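The values are calculated or read from the model by the stated rules, or taken from the named source; none is laboratory data. Bear in mind the structure is a predicted one, so any value in this text is a computation, not a measurement. Reconstructed Cβ throughout: ideal geometry from the backbone, glycine too, with neighbour counts over all protein chains shown.
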Amino acid sequence: MAQTAARVPKVTYAAIPTEEMDILHSAFEESLYQVRRKFGDSHPMYIGGQPVRTGDEFEVRAPADRTVLLGKFQSGRAEHAKQAIEAAHAAFRLWSRMPYGERLVLLRAAADNFRAQKVDIAALLSIEAGKNRLEALGEVEEAADLISTYCDEMEQNQGYVREMASLMPGERNVCVLRPFGVWAVVAPFNFPVALSTGMLAGALVAGNTVVFKPASATAYTGLLVYRMFADACLPDGVINFVTGGGGEIGGELATNSLVEGMVFTGSREVGSDVYRKFAEPYARPCITEMGGKNPAIVTAQADLDKAAEGIVRSAFGYSGQKCSACSRVYVQRDVYDAFVRRLVDRTRSVVVGDPTEQNTFMGPVINDSSVDTYLQAVQDADRDGEILFGGKRLTESQYANGTFVEPAIVGGLNADHRLFREELFVPFLAVAVVDSLSEAIHHANDSEYGLTAGVYSEDPSEVAQFFDEIQAGVTYANRRGGATTGAWPGSQSFCGWKGSGSTGKGGLGPYYVQQFLREQSQTIITEESAPAEERLEVEAAGE
């Protein structure tokens, strides 16, 4: 499929080409056929470059049709995590001492692998994660661009070696950023290609070795990510792939003293627990991205059609299962009714169905637990407010064997209602009326999260106020392609504030790789440049 992939136009989240769609969809259909032929196989873990089986496996099934078995994967235990950590530790010396230019050659080859196989990877991603075909293709493109972006950062900063000022003649002071060692990379189900690759690339570009654990729901996609790196001829042990339950494997990764750093994407509850555990026996770097409760604001000066389009795309793209998904909207009273009409009308056109189908916009949620979360939220909204659209599980015909729900819009809730505060990770949007932009910003900021936020206003002074006062790391104004979603490597850094992140530095941007490095100051003084008294001591020692 490499030659076909080269002809498929590049798809991003915010800018989708249209002139070559026939090529794209034809290639995707062919990849679906090829991918489905391999369903049902048993797959090993990979430790030190070698396949490892545990004798115990778990199944991965398609959320759109639970009767479809995608594959069987190893139920790894703490002992396997320990073996992977030791393999990564053994490989660290070679990898970290390799000139960074040589590392970048291998990692750029991995980026090329993603681009060459993007349609095949996207086809599997669509089936396994329930993501529509354009978002799946965009995610694989993002993964490749993440590697390239981080390689470029290392190169542009000349390996993060910087000459410092001298205090005396002949003295040389150098500031060097050096890799830590072994990093644990714990990935989520919702962006199993892009987020996994981004975290892996950040660690590997910096010269660390990794133990990679994908989410069990998307273990198959995680395996393809591993193969893209392994097929780029990285030395054995530089990247290790383990699968299984988060409790036993995650516990070993968080407590093993050979693990020098951890990078995690997931819920705030789990991320906070990981962060606390990883502080023992001493504080180690722990990079966490922990979701959001992302607001959009619509003022009386907004283009309401643009706002409705951008909010629907952000709220219901990938069934609301994005950490950046728009889940609450504050609308100025003067335009509330007119906006809600447009919002509901636009939502009616959302096609819910098999994510691999060409016209589907919203696929299933990932599992039955997510359906339960959705139905409980609908029940609470019906009791305390008003259901404006949706609110049902879909079970008839094509939906019978999957985890499908309608996009839901609710109104009439108090601003402090749990549905305005808790991250649900389902296609559920709460709308509230406000009297001013300042009131909207106040409610938007009244949250433990601070990941993404968007505003719609054609008044430049209102946009300036929003950017100045909003408490979020990723912010947008008047974005039709997505009110709060769609960040891209090299264009928008993706940084969580408050409970959405732990470091104040985000992925996709210029400061990410630095977080996988620690600073060392190196001072070199030759004998000739030493002070006279120091030279006398040296000479005396020589006698």
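Among the residues of segment 64-100, count how many are under 24 Å from the mean Cα position of the chain (by Cα) and over 23 Å from Gly247 (Cα atoms).
Here the count works out to 2.
Being at pLDDT 95 or above, in the same structural domain as Gln301 (by TED's automatic domain parsing), assigned to a helix (DSSP H, G or I) and of a type in the set (D, E, K, R) is the requirement here; does Glu458 meet it? Give the steps one after another, and end with the answer.
Numbers: at pLDDT 95 or above: yes; in the same structural domain as Gln301 (by TED's automatic domain parsing): yes; assigned to a helix (DSSP H, G or I): no; of a type in the set (D, E, K, R): yes.
Criteria not met by Glu458.
Of the residues Val340, Val335, which single one is at negative phi, surrounded by 20 or more Cβ atoms within 10 Å (Cβ to Cβ) and outside the structural domain of Ser126 (by TED's automatic domain parsing)?
Details: Val335 fails: surrounded by 20 or more Cβ atoms within 10 Å (Cβ to Cβ).
After ruling out the rest, the residue left standing is Val340.
Return the pairs, sorted by first residue and then second, in which the second residue is outside any loop (DSSP other than H, G, I, E, B) and crowded, with 17+ Cβ neighbours inside 10 Å, the first residue lies in segment 277-301 and is outside the structural domain of Ser457 (by TED's automatic domain parsing) and among the aromatic types (Phe, Trp, Tyr), the beta carbons are less than 8 Å apart, and the residues are 6+ apart or on different chains.
That search, which allows pairs on different chains as well, returns Phe278/Ala254; Phe278/Met262; Phe278/Cys286.
Of the numbered conditions (1) surrounded by fewer than 24 Cβ atoms within 10 Å (Cβ to Cβ); (2) closer than 24 Å to Ala194 by Cβ; (3) not basic (Lys, Arg), Thr255 fails exactly one; give the number of that condition.
Thr255 satisfies every listed condition except (2).
Hey, does segment 285-295 have a residue that's hydrophobic (A, V, I, L, M, F, W, C) and surrounded by fewer than 24 Cβ atoms within 10 Å (Cβ to Cβ)? Step through it out loud before you land on a result.
To start, the set of residues in segment 285-295 that are hydrophobic (A, V, I, L, M, F, W, C) comprises 286-287, 290.
Cutting the leftovers down to surrounded by fewer than 24 Cβ atoms within 10 Å (Cβ to Cβ) gives us 286.
Yes, there is a match, as at least one residue in segment 285-295 is hydrophobic (A, V, I, L, M, F, W, C) and surrounded by fewer than 24 Cβ atoms within 10 Å (Cβ to Cβ).
Here are Val176, Val182: which of them is under 21 Å from Trp95 (Cα atoms) and surrounded by fewer than 20 Cβ atoms within 10 Å (Cβ to Cβ)?
Val176
Quick one: in segment 362-402, which of the residues that are among the basic types (Lys, Arg) and not in a loop (DSSP other than H, G, I, E, B) is surrounded by the most Cβ atoms within 10 Å (Cβ to Cβ)?
Looking at residues that are among the basic types (Lys, Arg) and not in a loop (DSSP other than H, G, I, E, B), I get Arg393.
Of these, Arg108, Arg93, Arg77, which one is touching a Gly at 6+ places or on another chain (Cβ under 9 Å), surrounded by fewer than 22 Cβ atoms within 10 Å (Cβ to Cβ) and either within 30 Å of Ala5 (Cβ to Cβ) or at pLDDT 95 or above (or both)?
Arg77
Among the residues of segment 403-420, count how many are part of a loop (DSSP other than H, G, I, E, B), farther than 16 Å from Gln321 by Cα and touching a strand residue (DSSP E or B) at 6+ places or on another chain (Cβ under 9 Å).
Here the count works out to 5.
Find the residue count for segment 273-284, including only residues that are assigned to a helix (DSSP H, G or I) and either of a type in the set (Phe, Trp, Tyr) or surrounded by fewer than 21 Cβ atoms within 10 Å (Cβ to Cβ) (or both).
To start, the set of residues in segment 273-284 that are assigned to a helix (DSSP H, G or I) comprises 273-277.
When the remaining residues are screened for being either of a type in the set (Phe, Trp, Tyr) or surrounded by fewer than 21 Cβ atoms within 10 Å (Cβ to Cβ) (or both), the result is 273, 275-277.
The total comes to 4.
Residue-wise test of (1) without any contact (Cβ under 8 Å) to a residue 60 or more places away in the chain; (2) closer than 30 Å to Ile525 by Cβ.
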| site | (1), (2) |
| --- | --- |
| Val140 | yes, no |
| Ala144 | yes, no |
| Ile147 | yes, no |
| Glu155 | yes, no |
| Tyr160 | no, yes |
| Leu167 | yes, yes |
| Gly170 | no, yes |
| Val174 | no, yes |
| Leu177 | no, yes |
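Is one or more of the residues making up segment 113-120 at positive phi and either surrounded by fewer than 24 Cβ atoms within 10 Å (Cβ to Cβ) or part of a loop (DSSP other than H, G, I, E, B) (or both)? Lay out the reasoning, then the answer.
Just the residues of segment 113-120 that are at positive phi, to begin with: none.
No, segment 113-120 contains no residue that is at positive phi and either surrounded by fewer than 24 Cβ atoms within 10 Å (Cβ to Cβ) or part of a loop (DSSP other than H, G, I, E, B) (or both).
Pairs only if they're at least six apart or on different chains, beta carbon under 6 angstrom, first in segment 64-88 and outside the structural domain of Val186 (by TED's automatic domain parsing), second of a type in the set (A, V, I, L, M) and buried (at least 20 other Cβ atoms within 10 Å of the Cβ); list them, first residue then second.
none
For the subset of segment 189-232 comprising residues that are out of contact with any strand residue (DSSP E or B) (no Cβ under 9 Å at 6 or more places or on another chain) and part of a loop (DSSP other than H, G, I, E, B), which member is farthest from Ser369 (Cα to Cα)?
That would be Ala232.
Take Glu260 and decide whether it is charged (D, E, K, R) and part of a strand (DSSP E or B).
Yes; evaluated as a whole, the condition is true for this residue.
Of all residues in segment 341-376, which are farther than 30 Å from Leu24 by Cα and either touching a Lys or Arg at 6+ places or on another chain (Cβ under 9 Å) or not aliphatic (A, V, I, L, M) (or both)?
Arg341, Arg342, Asp368, Ser369, Ser370, Val371, Asp372, Thr373, Tyr374, Leu375, Gln376
Take Ile239 and decide whether it is of a type in the set (A, V, I, L, M) and farther than 25 Å from Leu451 by Cα.
Numbers: of a type in the set (A, V, I, L, M): yes; farther than 25 Å from Leu451 by Cα: yes.
Yes.
Only residues that are closer than 27 Å to Tyr399 by Cβ and either among the β-branched types (Val, Ile, Thr) or not assigned by TED's automatic domain parsing to the domain that holds Ser216 (or both): list them for segment 26-63, please.
Val35, Val60, listed by residue number.
Considering (1) at pLDDT 95 or above; (2) touching a Gly at 6+ places or on another chain (Cβ under 7 Å), say which one Thr288 fails and leave the rest.
(1)
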